[in-house]
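Before any comments, here is the structure.
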Amino acid sequence: MAVVSKKIPAPDHVAVKTALLSVSDKAGVVELAKALTAKGVRLLSTGGTHKALADAGLAVTDVSEVTGFPEIMDGRVKTLHPSVHGGLLAIRDDAEHVEAMKAHGIGAIDLAVINLYPFEEVRAKGGDYPTTVENIDIGGPAMIRASAKNHAYVTVITDPDDYPALLSELADGTTSYSFRQHMAAKAYARTAAYDAAISNWFAEALGIAMPKHRALGGTLKEEMRYGENPHQKAAFYVTGEKRPGVATAMLLQGKQLSYNNINDTDAAFELVAEFLPENGPACAIIKHANPCGVAVGTSLVEAYQRALACDPVSAFGGIIALNSRLDGETAGEIVKLFTEVIIAPEVDEAARAVIASKPNLRLLVTGALPDPRTPGLAAKTVSGGLLVQTRDNGMVEDLELKVVTKRAPTAQELEDMKFAFKVAKHVKSNAVVYAKDGQTAGIGAGQMSRVDSARIAGLKAEEAAKAMGLAEPLTKGSAVASEAFLPFADGLLSAIAAGATAVIQPGGSMRDAEVIAAADAAGVAMVFTGMRHFRH
């Protein structure tokens, strides 16, 4: 296909004489239309927008009068017409274009105010297939893209938040080229995110795990002071997924969340959600996306205290995630330690009053816990590419655990194994987690050698024991979890040296027999899960 080349002049200021308004979100559109009318702008409109403007007493022309063709097919076809798209796409200073407009009676459209059918909202609410398809906008994106392409002459507005800026621009009845450029860029970003939502919905609905083309879109929630480091720019975009968590939470108090806060808070809440509130209160304390301590308890305050006991030093300046309503007693304990963020499904008034004494402490409430089993996508960028995978929604409760040693675990060891494996799923690889009686005893994270992770976790346990005045670390008589198979017996031997009596790991190493033999020689129980939980 030949490349079209045409020099398009870009006048600095363009008068707005005719505006086309066609919006799904009608917030502020009547007020905008009144302001435009006061400036002498002729109004064109469609369907429900036309009715809203006419009911407000405004002089507005229906697009069907311009096209000479009525809306048909339940409104599916109304603006897909040369009289509309010619008015949007015509180059005003091109003689051929001007002649074509005269020959076909096409009037110029200088301003297009358009937003789209609420596809994302319908999808998020779980609309059925026909309803979701019906909320795929066709005419809207076509007009937006046409207007944005011709931004040398046409101003396109896709966001009601930009109505005040538009009216400010129109103080003298014109818009500047710079403004039209920025609105065009925003318009293409909007249609790109819209099409991404549609394509991803189709892939999900049809069971296409990895489509040939993958687009991910989001809406700016907030810009941040900086990213991971002060020299990096950053912003938080939300996808529209209604999963309870940091993206959908309400900030009840505290400073704006930083880039690192959001990353760590997401890690914390996804981890604590592994522990269902009906099975008891749970707390996870996170630092740099890794857990410092995780515990369950007979009360929330006990769960917090037990989680903190695992590594009280690293917990300083961390993120605290809770699986149930935050109460005043627990809040009173939490504020004794410097904490960046608390996130919980609910918060009572007593807790809010306590936390108010720490105005910089961010307090987030989500309304619910995310379901760990819910499918979804996880993505990260690499140079020149995008890595996309399904969410790690494997649950140890759903696995068939295989006892591979001569000694089977006791009932308590089995519970501790499952607890440790749940936590290990959320620890950066290589991960080793010791647990005892519903409490992490030591966590080794992110080491190049699994042996080092086991040793570090043991050292953490010894330090915690000294801090608590215990005679021996909690790793004595604990269960230990490895999120991936133990490739050699050395990692197991390090865990046994720390006091572990039971081991849970995926299995699958070429040296499984060697590792099993080492466990048997030490009288240690071992189970295989058959599922790995790498996290990089």
Picked from segment 200-219 (must be under 21 Å from residue 380 (Cβ atoms), within 18 Å of the chain's Cα centre (by Cα) and not β-branched (Val, Ile, Thr)), the residue most open to solvent (accessible area, probe 1.4 Å) is 204
inquiry  = Regarding segment 234-243, can at least one residue be identified that is at pLDDT 95 or above and more than 28 Å from residue 371 (Cβ to Cβ)?
reply    = yes
Next item on the list: Could you check, for segment 69-79, whether at least one of its residues is more than 16 Å from residue 22 (Cα to Cα), modelled with pLDDT of 80 or more and within 46 Å of the chain's Cα centre (by Cα)?
Entry: no
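How about segment 315-324: which of its residues are open to solvent by 10 Å² or more (accessible area, probe 1.4 Å), touching a Leu at 6+ places or on another chain (Cβ under 8 Å) and either outside any loop (DSSP other than H, G, I, E, B) or over 16 Å from residue 246 (Cα atoms) (or both)? Spell out how you get there, then give the answer.
Filtering segment 315-324 down to residues open to solvent by 10 Å² or more (accessible area, probe 1.4 Å) leaves 316-317, 324.
So of that shortlist, the ones also touching a Leu at 6+ places or on another chain (Cβ under 8 Å) come out as 316, 324.
Passing the criteria: only 316.
Take the conditions modelled with pLDDT under 95 and more than 24 Å from residue 162 (Cβ to Cβ) and apply them to residue 215. Does it pass?
Working: modelled with pLDDT under 95: yes; more than 24 Å from residue 162 (Cβ to Cβ): no.
Judged against the criteria, residue 215 is not a match.
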Checked segment 352-400 for anything more than 25 Å from residue 238 (Cβ to Cβ), part of a loop (DSSP other than H, G, I, E, B), open to solvent by 50 Å² or more (accessible area, probe 1.4 Å) and touching a residue at least 12 places away in the same chain (Cβ under 8 Å); matches are 356, 357, 358, 359, 400
(message) Would you confirm whether or not segment 496-507 contains a residue that is assigned to a loop (DSSP other than H, G, I, E, B), in contact with a His (Cβ under 6 Å, 6 or more places away or on another chain) and at pLDDT 90 or above?
(response) no
Within segment 301-313, the residues that are surrounded by fewer than 20 Cβ atoms within 10 Å (Cβ to Cβ) and in a loop (DSSP other than H, G, I, E, B) are 312, 313
Residue pairs qualifying under the 7 Å Cβ cut-off, at least six apart or on distinct chains, with the first in segment 437-463 being under 28 Å from residue 280 (Cα atoms) and in a helix (DSSP H, G or I) and the second being open to solvent by 10 Å² or more (accessible area, probe 1.4 Å) and acidic (Asp, Glu), are 460/311
- Is one or more of the residues making up segment 299-319 within 23 Å of the chain's Cα centre (by Cα), touching a residue at least 60 places away in the same chain (Cβ under 8 Å) and within 14 Å of residue 427 (Cβ to Cβ)? no
Flagged pairs (Cβ under 6 angstrom, 6 or more apart or on separate chains; first in segment 201-214, among the aliphatic types (A, V, I, L, M); second open to solvent by less than 60 Å² (accessible area, probe 1.4 Å)) are 203/211
Would you check if there is a residue in segment 117-128 being more than 17 Å from residue 12 (Cα to Cα), exposed (fewer than 15 other Cβ atoms within 10 Å of the Cβ) and of a type in the set (Lys, Arg)? yes
Determine whether residue 454 is buried (at least 24 other Cβ atoms within 10 Å of the Cβ) and of a type in the set (Gly, Ala, Ser). yes
Residue count, segment 463-483, condition open to solvent by 20 Å² or more (accessible area, probe 1.4 Å) and at pLDDT 90 or above, comes to 2
Taking segment 25-75 and keeping residues polar (S, T, N, Q), open to solvent by less than 30 Å² (accessible area, probe 1.4 Å) and part of a helix (DSSP H, G or I) leaves 49, 67
Okay, strands (runs of 3 or more DSSP E) sitting entirely in segment 220-300 with 1 or more residues that are hydrophobic (A, V, I, L, M, F, W, C) and surrounded by fewer than 16 Cβ atoms within 10 Å (Cβ to Cβ), I get 235-238, 250-253
*Using the structure shown, decide if residue 340 is modelled with pLDDT of 95 or more and open to solvent by 20 Å² or more (accessible area, probe 1.4 Å).*
yes
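Out of the residues in segment 171-188 meeting the condition of being of a type in the set (A, V, I, L, M, F, W, C) and at pLDDT 95 or above, tell me which one is most open to solvent (accessible area, probe 1.4 Å). Spell out how you get there, then give the answer.
Step one: of segment 171-188, the residues of a type in the set (A, V, I, L, M, F, W, C) are 171, 179, 183-185, 187.
Then drop every residue that is not at pLDDT 95 or above, which leaves 179, 183-185, 187.
Values: 179: 23, 183: 20, 184: 5, 185: 64, 187: 0 Å².
Looking at residues that are of a type in the set (A, V, I, L, M, F, W, C) and at pLDDT 95 or above, I get 185.
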The one condition residue 487 fails out of (1) open to solvent by 30 Å² or more (accessible area, probe 1.4 Å); (2) in a helix (DSSP H, G or I); (3) touching a Ser or Thr at 6+ places or on another chain (Cβ under 7 Å) is (2)
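The values are calculated or read from the model by the stated rules, or taken from the named source; none is laboratory data. From a predicted model like this one, the values you see are computed outputs, not experimental measurements. As a convention, Cβ positions derive from the backbone with ideal geometry for all residues, glycine included, and neighbour counts pool all protein chains shown. For accessibility, only protein heavy atoms count, side chains too; no ligands or nucleic acids. Shrake-Rupley method; radii C 1.70, N 1.55, O 1.52, S 1.80 Å.
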